[in-house]
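S.K.: Have a look at the structure that comes next, please.
Every number in this text was worked out from the coordinates using simple rules, so none of it is lab data. Given the structure is predicted, the values throughout are model-derived calculations rather than measurements. All Cβ positions, even for glycine, are placed from backbone atoms using ideal geometry, and neighbour counts span all protein chains on display.
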Amino acid sequence: MTEHYFSQKPQSKSSPMTWNYTLRGKDFTFTSDVGVFSKKEIDFGTRLLIDTFEIPETQGDILDLGCGYGPIGISIADSAPDRKIVMADVNERALQLAEENSKMNGVHNVEFVQSDRFSNLEDRRFAVVLTNPPIRAGKSVVHGMFEGSEERLLKGGELWVVIQKKQGAPSAIEKLESLFGNCETVERNKGYYILRSIKD
């Protein structure tokens, strides 16, 4: 069976890499590894989502769904110290890296949950869900993440998604509009779309 970054227990030999990145106007240090999405750098879509995201007035915890090694959740947590950022991923190696990266960057308003989408988050409600979804896992998984997000957002809560046009942005927009009754394209750059839907 081919291993993917959405595997629960990556078997590939660990070979970590560490680098620095400026996100939301602050310098961060991140370590990533084999078996984790975007091992060598913060990918363009993730950076675009981080830089575009605006913290809403709706109070409550923020969920980084499919957090990987943690750049989205950690950078948002740093810029919103009064919020708790819940970072969830099915990949044990990714989640361990996210926890180590949060400590390395002095970010403490975070919580880590191993969860296959919302499997271990069923009783939680959020003001925001942010996700760079695992496109290679397939459309049913990605759209399932949208459905789970709609169910677990508070009233007035927001789902923010980054997705490439060639990897399903048009069908994602259609799905989000059917779930939420709205979907705004907040930003477009190099074929990447930042989408936002708000729960009525």
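S.K.: Sequence-distant or interchain residues sharing an amide H contact under 5 Å with VAL110, placed H: which?
M.R.: ILE85
S.K.: Calculated from the structure, P(r) over Cα pairs in 10 Å bins from 0, in percent equals which of [x] 9, 35, 37, 17, 3, 0; [y] 10, 36, 32, 17, 5, 0; [z] 9, 39, 39, 12, 0?
M.R.: Here the calculated entry is [z].
S.K.: Taking amide H atoms as placed 1.01 Å from N in the peptide plane, list the residues 5 or more away in sequence, or in a different chain, whose amide H sits under 5 Å from that of ASP61.
M.R.: Hits under the 5 Å cutoff: ALA127.
S.K.: Same structure again: Number of Lys-Lys pairs in region 43-198 under 17 Å by Cα, sequence gap 8 or more or different chains?
M.R.: Counting lysine pairs in region 43-198 gives 8.
S.K.: Taking neighbour Cβ counts within 10 Å as the exposure measure, how do ILE198, ILE72, ILE42 sort from fewest upward?
M.R.: So the ranking, lowest neighbour count to highest, is ILE198, ILE42, ILE72.
S.K.: Calculate one ³J(HN,Hα) per residue across region 166-182 by plugging θ = phi - 60° into the Karplus curve 6.51 cos²θ - 1.76 cosθ + 1.60, and present them in order as whole Hz with x for glycine and proline.
M.R.: Using θ = phi - 60°, the values come out as 6, 10, x, 4, x, 6, 5, 4, 4, 5, 5, 5, 5, 7, 9, x, 7 Hz.
S.K.: Report relative contact order for the chain in percent, whole number only (criteria: Cα-Cα under 8 Å, sequence separation at least 6).
M.R.: 18 percent.
S.K.: Then there's this: Enumerate the calculated ³J(HN,Hα) couplings along region 108-114 in order (Karplus 6.51 cos²θ - 1.76 cosθ + 1.60, θ = phi - 60°), each rounded to whole Hz, writing x wherever the residue is Gly or Pro.
M.R.: Here the 3J(HN,Hα) series is 10, 7, 10, 9, 10, 9, 7 Hz.
S.K.: Take MET17, MET104, MET87, MET145 and order them by how many other Cβ atoms sit within 10 Å, fewest up front.
M.R.: MET17, MET104, MET145, MET87
S.K.: Enumerate the amide H contacts of ASP33 below 5 Å, restricted to partners 5 or more residues apart or on another chain; note that Pro and chain-start residues carry no placed amide H.
M.R.: MET17
S.K.: If you don't mind, there's one more thing I want to ask. Dipole magnitude of region 43-198 about its Cα centre, charges +1 at Lys/Arg Cβ and -1 at Asp/Glu Cβ only, in debye to the nearest 20?
M.R.: 480
S.K.: In sequence order, what are the phi-derived ³J(HN,Hα) couplings for region 74-83 according to the Karplus relation 6.51 cos²θ - 1.76 cosθ + 1.60 with θ = phi - 60°, rounded to whole Hz, with x for glycine and proline?
M.R.: 5, 5, 5, 4, 5, 8, 9, x, 8, 10
S.K.: How large is the Rg to Rh ratio of region 149-192 when both quantities use alpha carbon positions and Rh follows Kirkwood?
M.R.: Rounded to two decimals, Rg over Rh is 0.98.
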